[in-house]
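Enquirer: Below is one structure. I have some questions about it.
The values are calculated or read from the model by the stated rules, or taken from the named source; none is laboratory data. Keep in mind the model is a prediction, meaning the values are calculated, not measured. All Cβ positions, even for glycine, are placed from backbone atoms using ideal geometry, and neighbour counts span all protein chains on display.
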Amino acid sequence: MTTDDYRRALATAIREYETLGQQRQDIDKRLAEVMQTIGTLSRLCGLVPTVPLGLTDACRLVVRGAGVPVTPADVRQRLESIGFDLSKYANDLAAIHTILKRLNESGELRLVSRAYVPVGGKEPPKPAYLWNHGNHVVTLGADIRAFMRDADLEREAMRAHDEPVAPRPRPRAPRPTKRSRQ
């Protein structure tokens, strides 16, 4: 195989990786929706789940399925609507606040300041939480980023001129310099 073959294979693998990441996000969203539907239908049928969700997993489910920023009060209301039993908590809203804060600190949620404006607009905007849809990305090295950038430039040039263009030499990433101790 030549270097060009390896480059084409790398470009194909990167495109597939990005496509699979998007599919994973779509599947995660659909799983959250179906899980919420199952919880609601189970409650309506009078069934008790055999594997009850903990409050943290229930909060994850609600925020992931919301698709919009939600306040802790919204999370509580949605938990009640799917039949989650909050009666065992002395202060359910405080527990939800704590869980959302920890999920934000771990990177699962994102705090959106001033995202929620109460109806009527008489109260100040409130912060809300949003599911962090960040791709599960593997960090790509400088050489792979340079390859991707060069491949994009090559494709653009080929489309513009309708003739093959020789690949440009890639710039080398600067080497870290050793620092002397003083």
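Enquirer: Suppose we filter ARG64, ARG60, ARG43 for residues that are touching a residue at least 24 places away in the same chain (Cβ under 8 Å), part of a helix (DSSP H, G or I) and farther than 16 Å from TYR129 by Cα; which single one remains?
Expert: ARG43
Enquirer: Here is a further query. Out of the range 91-147, which residues are at pLDDT 90 or above, among the charged types (D, E, K, R) and loosely packed, with under 13 Cβ neighbours inside 10 Å?
Expert: GLU105
Enquirer: To continue, here is another question. Filter the range 1-45 down to the residues that are out of contact with any Gly (no Cβ under 9 Å at 6 or more places or on another chain), surrounded by 12 or more Cβ atoms within 10 Å (Cβ to Cβ), basic (Lys, Arg) and more than 17 Å from ARG155 (Cβ to Cβ) and list them by number.
Expert: ARG24
Enquirer: Would you mind stating whether ILE82 is loosely packed, with under 15 Cβ neighbours inside 10 Å and either closer than 28 Å to ALA128 by Cα or in contact with a Cys (Cβ under 8 Å, 6 or more places away or on another chain) (or both)?
Expert: no
Enquirer: Taking the range 69-98, which residues are in contact (Cβ under 8 Å) with a residue 12 or more places away in the chain, in a helix (DSSP H, G or I) and more than 19 Å from SER113 (Cβ to Cβ)?
Expert: ARG76, ARG78, LEU79, SER81, ASP92, LEU93, ALA95
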